[in-house]
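Colleague: Got a structure for you, written out below as structure tokens; questions coming shortly.
The values are calculated or read from the model by the stated rules, or taken from the named source; none is laboratory data. Being a predicted model, the structure only gives us computed values, none of them experimental. Here the Cβ is made from the backbone with ideal geometry for all residues, glycine too, and neighbour counts use every protein chain on show.
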Amino acid sequence: MPIALPQETMTIMNAPIGDSHKKDIAHALHPYTNLAVHEDQGPLIISKGEGVYVWDDQGNRYLEGLGGLWCVSLGFSEPRLAAAAADQFAALPYSHTFAHRSTEPVIALADKLLEIAPEPMTKAFFLSSGSEAIDAMIRFTWYYNNGRGLTEKKKIISRKRGYHGVTVAGGSLTAIPLMQNDFDLPLDRMIHTNTAGYYRYGRTGESEEEFATRLADNLEQLILSEGPETVAAFVAEPVMGAGGVMTPPATYFKKVQAVLKKYDVLMVADEVICGFGRTGNMWGCQTYDIQPDMVTCAKQLSSGYLPISALMISDKIYDVLKEQSKKHGALGMGYTYGGHPVSCAVALETLKIYEERNIVDRVRELAPRFQERLSALSKSPLVGEARGVGLIGALELVADKNTREQYPAELKIGATLAARALNHGLVVRALPGDVIGICPPLIITKEQIDELFDSLSIAVTETEALVKKAA
Ligand code: PLP
């Protein structure tokens, strides 16, 4: 489709239109940014936050419709988290958990997390980011299978468009071209299966259930062609986040898990976005009836206030790790900042707040309004599908609603819409495939949900007009 949008809209991802924010960015290197354009235009500088809002350095207010990076569940000014951090800084700002050391916040957080964890998780290993949790999952998987004498069983399967971080190993599972091309990823041992997005990948006339069956069959074929004795684990986000906010088709995880069981392949749930209420249950595993062997979580674990993640494992895995650590003298794996006491204290306080404020019930109460307003946007000729669950959602933008044809990526329709939203005081994220991701703080009110979608509607209408003008 040979159309070109007016120059002012050809903006870099999530950057403001115009140059009111122009700054020298002499030394900071910013990820997921067109560095050349960025040098010229400068970033949007966020200076303060309160509730669901943030302000830039020019005093403009924005409703943070992505909760930072899918993480700020309790908003940008929760005093109890600041107090928990201050108290812990005063009591003990650092201590490690290597070699038979621990701290009270680590122990208390592990107890609390495992109390609410998906079954059958019984141990938590703390790290500082989602990527590190994924990396630890890979290391534990390999160690586990070596411990079982299955030294060939090492391949990890993820889904195309899945997002599992950017470390060399995690980035090999993140099957998104932008994050792999020219970084010499993926590493071998990491293989990819179909994306579970019915709207984009379902065939004409195929039901959701049939689509799920096809994907489970393809997964089985992949395992068979690689050799089941070489395949160790399958990792999936319950709702795929950064790859395009895709909810799984009906019956998908049931069918996939039957295949995994048959070939002794571990099921790993990457709950880094879904964990802690986002989908209307404490875990995405509960929303989609997933029985995981390992679970990763991060982000909302501390409401994004401090870096912390966890890898949770079941006894089945722990028992083998324990035997292996005996053999080697120790579990040879840990980070300086893993189980940082201040991060753990803040995470513990976050979990207490979720409990006290019934955060899951709150999401369930608000989700109908959120999803109703989201769905209403599918009337736009630009919106192929509006989809979501709980308080997460997306708009997939298309050139033709009948054929689901997309605009050429160079047009940056998604980024244009996100920039328009920003002009109307709303932060949303343009994801690959011209998908607009929405994932506000869980403390958002009904009125603020309306405000979010009022601004988004205006941005959709303006983008429609731009496209029409340019056609
Ligand atoms: N897994 C999922 C599902 C994620 O969404 C992310 C980040 O967005 C990660 C892993 C990586 O987390 P981090 O950016 O903290 O390394």
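Colleague: Scan (1) within 14 Å of the ligand (Cβ to nearest atom); (2) over 30 Å from Gln88 (Cα atoms); (3) free of Cβ contacts under 8 Å to residues at least 40 places away in the same chain for the single condition Pro186 breaks and write down its number.
Modeller: All conditions are met except number (1).
Colleague: Go through region 113-137 residue by residue and tally those that are touching a helix residue (DSSP H, G or I) at 6+ places or on another chain (Cβ under 8 Å) and more than 10 Å from the ligand (Cβ to nearest atom).
Modeller: 10
Colleague: From the list Tyr62, Tyr53, which one is without any contact (Cβ under 8 Å) to a residue 24 or more places away in the chain, over 19 Å from Tyr354 (Cβ atoms), surrounded by 14 or more Cβ atoms within 10 Å (Cβ to Cβ) and not hydrophobic (A, V, I, L, M, F, W, C)?
Modeller: Answer to the check: Tyr53.
Colleague: Taking only pairs six or more apart or across chains, which ones have beta-carbon atoms under 7 Å, a first residue in region 296-309 that is on the phi > 0 side of the Ramachandran plot, and a second residue that is outside any helix (DSSP H, G or I) and away from the ligand (no atom under 11 Å from the Cβ)?
Modeller: What qualifies is Ser303/Val72; Ser303/Ser73; Ser303/Leu74; Ser303/Glu78; Gly304/Val72.
Colleague: Going through region 296-336 one residue at a time, which ones are within 13 Å of Thr141 (Cβ to Cβ) and within 14 Å of the ligand (Cβ to nearest atom)?
Modeller: Correct list: Thr296, Leu311.
Colleague: Being touching a strand residue (DSSP E or B) at 6+ places or on another chain (Cβ under 9 Å), surrounded by fewer than 21 Cβ atoms within 10 Å (Cβ to Cβ) and modelled with pLDDT of 95 or more: is that true of Lys261 here?
Modeller: So Lys261 passes the test.
Colleague: Here is a list: Ile313, Ile290, Ile317. Which entry is in a loop (DSSP other than H, G, I, E, B) and either under 30 Å from Glu226 (Cβ atoms) or out of contact with any strand residue (DSSP E or B) (no Cβ under 9 Å at 6 or more places or on another chain) (or both)?
Modeller: Ile290
Colleague: Is it the case that some residue within region 243-253 is surrounded by 21 or more Cβ atoms within 10 Å (Cβ to Cβ), touching a Phe, Trp or Tyr at 6+ places or on another chain (Cβ under 7 Å), modelled with pLDDT of 95 or more and among the aliphatic types (A, V, I, L, M)?
Modeller: No, every residue in region 243-253 fails to be surrounded by 21 or more Cβ atoms within 10 Å (Cβ to Cβ), touching a Phe, Trp or Tyr at 6+ places or on another chain (Cβ under 7 Å), modelled with pLDDT of 95 or more and among the aliphatic types (A, V, I, L, M).
Colleague: Still on this model: Could you tell me which of the residues Glu237, Glu209 is within 14 Å of the ligand (Cβ to nearest atom) and acidic (Asp, Glu)?
Modeller: Every option except Glu237 fails the conditions.
Colleague: Residues that are at pLDDT 95 or above and of a type in the set (Lys, Arg): list the strands (runs of 3 or more DSSP E) wholly contained in region 1-111 that include at least 3 such residues.
Modeller: none
Colleague: Which residue out of Glu132, Glu152, Glu119 is within 22 Å of the chain's Cα centre (by Cα) and surrounded by fewer than 15 Cβ atoms within 10 Å (Cβ to Cβ)?
Modeller: When all the criteria are applied, what remains is Glu119.
Colleague: Can you name the residue in region 262-278 that is over 17 Å from Val231 (Cα atoms) and assigned to a loop (DSSP other than H, G, I, E, B) and, of all such residues, is farthest from the ligand (Cβ to nearest atom)?
Modeller: Going through the qualifying residues, I end up with Gly277.
Colleague: Checking Glu405 against (1) touching a helix residue (DSSP H, G or I) at 6+ places or on another chain (Cβ under 8 Å); (2) surrounded by fewer than 22 Cβ atoms within 10 Å (Cβ to Cβ), which test does it fail?
Modeller: Of everything listed in (1) touching a helix residue (DSSP H, G or I) at 6+ places or on another chain (Cβ under 8 Å); (2) surrounded by fewer than 22 Cβ atoms within 10 Å (Cβ to Cβ), Glu405 misses just condition (1).
Colleague: Taking interchain pairs and intrachain pairs at least six residues apart, which have beta carbon atoms under 6 angstrom, with the first residue in region 350-366 and closer than 27 Å to Pro105 by Cα and the second assigned to a helix (DSSP H, G or I) and basic (Lys, Arg)?
Modeller: Sorted first by the residue in region 350-366, then by its partner, the pairs are Leu351/Lys112.
Colleague: Quickly run through region 279-290 and pick out the residues that are within 16 Å of the ligand (Cβ to nearest atom) and of a type outside the set (A, V, I, L, M, F, W, C).
Modeller: If the condition is that a residue be within 16 Å of the ligand (Cβ to nearest atom) and of a type outside the set (A, V, I, L, M, F, W, C), then Thr279, Gly284, Thr287, Tyr288 are the ones that fit.
Colleague: Do any residues in region 228-243 that are at positive phi have Cβ atoms under 7 Å from those of residues that are among the charged types (D, E, K, R), where the two are at least six apart or on different chains, and which pairs are they?
Modeller: Partner pairs satisfying both residue conditions: none exist.
Colleague: From the list Leu391, Leu411, which residue is over 13 Å from Val460 (Cβ atoms) and out of contact with any helix residue (DSSP H, G or I) (no Cβ under 7 Å at 6 or more places or on another chain)?
Modeller: Leu411 is the lone residue from the list that is over 13 Å from Val460 (Cβ atoms) and out of contact with any helix residue (DSSP H, G or I) (no Cβ under 7 Å at 6 or more places or on another chain).
Colleague: Something else about it: Here are Leu456, Leu466, Leu422: which of them is in contact with a helix residue (DSSP H, G or I) (Cβ under 8 Å, 6 or more places away or on another chain) and either assigned to a loop (DSSP other than H, G, I, E, B) or modelled with pLDDT of 95 or more (or both)?
Modeller: Leu456
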